[in-house]
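The values are calculated or read from the model by the stated rules, or taken from the named source; none is laboratory data. Predicted model, so just to flag it, every value in this text is computed and none were measured. Glycine also receives a Cβ, built like all others from the backbone with ideal geometry; neighbour counts cover every protein chain displayed.
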Amino acid sequence: MKVNVKMRKSEAVPDEITDIINSNRSFLLTSHRNPDGDAVGSILAMADILKKMKKETYIFLEDGVPEIYRFLPHADEVNTILEGNFNVTLVMDCENEKRVSERIDLRRHARMLINIDHHPTTGSFGDYRYIDPGAAAVGEQVYALARALDVAVGRDAAECIYVSILTDTGSFKYSNTTAHTHRLAAGLIEQGLQPADIASRIYERRSIDQLRLQAAVIEDMTVDGRLAWSAISSDMLEALGLAEADFDGAIDIVRSVDGVEVAVLFTQRPDGKVKTSLRSKSKFSVLDAARELGGGGHKAAAGFLTTDPMPVVVEKTIRLLRERLGQGGVHE
Ligand SMILES: [Mn+2]
C-alpha cells in the first residue's frame, strides 16, 4: 500500500547567517505589530539561544506581548520602545519592515538586517535572508538555527518554539502541519514542557466578553455555499471593551462551518481601518485574493488592511472570492 506522506521541503540555514551571528556581539530582535504566538515565540526562543552564546539581546515589539503569552520565558524582557544601537537586527515572521512599526526606521539602529521568515510573500528586504515557506512556523526555523549554531535547545527555548508552532498550526490542525512538525514538537516536549498546561494557558483563558464576541461573530455570519463571512464593527468591540488582540479564534468559528472552504472575518479597528482575515481549509489559495486586495500571507491564511468603509470592503472581497471559487479556482 502506498502511503502518501506530505514531505516538507526545508531550506537550509544560509552559512552567511550563522557566520554573522557568530561574529557579532549585539542583536536587536523584532517582529510585527499585533504579534501572534509565532512572532512572540520565535523572537523569545531566538533571544534565549543568543544569550546562551553570550550575546547581548534587545527585544522590541511595538505592541508588547499579548497577555496570553506573558508566561513565556524572556517575555518580561520585551521592550515597547526602541533605543540604542546594535550590530545586527533580526526581523522574524514579518513580511515587510513596515509591519514592525510605521514610524521607526530600523536601519538607524543596526548596520545589518537579517530577515527570517516563512511567508511565501515575504519581501526582498534584509541584507541577508533565511526564508523557508515550508516551515509551519518561524519557530521551526529558530530550531534549525540553533542546530546550525551548535547551541542546545533547552527547556526555555523549547517552550517558546512549541508555542510558535502550536499557534501557527492552529493546534496542529492546519495544512502546514507535517510529520516534521510533529517530530520537532515531540523533541521539544522531551525537554520537559507540559503540552496540556501550555494549551490551557493559551486557549482556556477566555473572558466572558471574548465569548460574547464569538456569539456576535456567529450572529452576523453569512454562509453562502463554500464561502462564509462575518463582520465585527468597532462599536461592537467598544461595547465589549475588547482590543484587536482579543480576536484570535474568532475566524476559526467561521472556518469550522461544515461545507465551508473559505472563511472571512472583517474587523473594524478603532482607527476605522478594516482588517480582513482570510482562511482556506481546501486547496483553494486565499493568498492570491489577499494579494489582489493589497495584502499577503500564506495559501491557507492571509489578510489585508484597508481604509475603505466596511460595506465596501465586504462587497469587494466577497465578489472576488465568489468569482474565484466559481471559476474552478479549486484544484484537487
Ligand atoms: Mn508565522
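Structure notes:
- So Pro270, is it surrounded by fewer than 16 Cβ atoms within 10 Å (Cβ to Cβ) and part of a helix (DSSP H, G or I): no
- Filtered residues of region 235-267 (kept if polar (S, T, N, Q) and surrounded by fewer than 17 Cβ atoms within 10 Å (Cβ to Cβ)): Ser256
- Selected residue (only one of Val260, Val217, Val254, Val223 is part of a strand (DSSP E or B) and of a type outside the set (Gly, Ala, Ser)): Val223
- If you go through region 38-76 and keep only what is over 14 Å from Tyr162 (Cβ atoms) and among the hydroxyl-bearing types (Ser, Thr, Tyr), you end up with Thr57, Tyr58.
- Among residues of region 135-154, those that are within 15 Å of the ligand (Cβ to nearest atom) and among the charged types (D, E, K, R), counted: 1
- Close Cβ contacts (under 9 Å, 6 or more residues apart or on different chains) running from residues in region 155-166 that are closer than 13 Å to Ile202 by Cβ to residues that are acidic (Asp, Glu) comprise Cys160/Asp48; Val163/Asp38; Ser164/Asp36; Ser164/Asp38; Ser164/Asp93; Ser164/Glu140; Ile165/Asp38; Ile165/Glu140.
- Residue count for region 135-163, restricted to those that are assigned to a loop (DSSP other than H, G, I, E, B) and not charged (D, E, K, R): 8
- Residue match in region 161-173 (condition: more than 16 Å from the ligand (Cβ to nearest atom) and at pLDDT 95 or above): no
- Val151, sole failed condition from (1) closer than 30 Å to Lys316 by Cβ; (2) outside the structural domain of Ser282 (by TED's automatic domain parsing): (1)
- Test result for Tyr143, closer than 20 Å to Ser10 by Cα, touching a strand residue (DSSP E or B) at 6+ places or on another chain (Cβ under 8 Å), aromatic (Phe, Trp, Tyr) and surrounded by 17 or more Cβ atoms within 10 Å (Cβ to Cβ): no
- Just so you know, in region 102-134 the residues that are of a type in the set (Gly, Ala, Ser), in a loop (DSSP other than H, G, I, E, B) and at negative phi include one that is nearest to the ligand (Cβ to nearest atom), and it is Gly134.
- Residue that is surrounded by the most Cβ atoms within 10 Å (Cβ to Cβ) [pool: residues in region 175-185 that are away from the ligand (no atom under 11 Å from the Cβ) and in a loop (DSSP other than H, G, I, E, B)]: Thr178
- Selection within region 31-71 - within 11 Å of the ligand (Cβ to nearest atom) and touching a Cys at 6+ places or on another chain (Cβ under 6 Å): Ser31, His32, Gly41
- Single condition Arg205 does not satisfy, out of (1) of a type in the set (Lys, Arg); (2) within 21 Å of the chain's Cα centre (by Cα); (3) surrounded by 13 or more Cβ atoms within 10 Å (Cβ to Cβ): (3)
- Residue match in region 304-319 (condition: crowded, with 21+ Cβ neighbours inside 10 Å, outside any helix (DSSP H, G or I) and hydrophobic (A, V, I, L, M, F, W, C)): no
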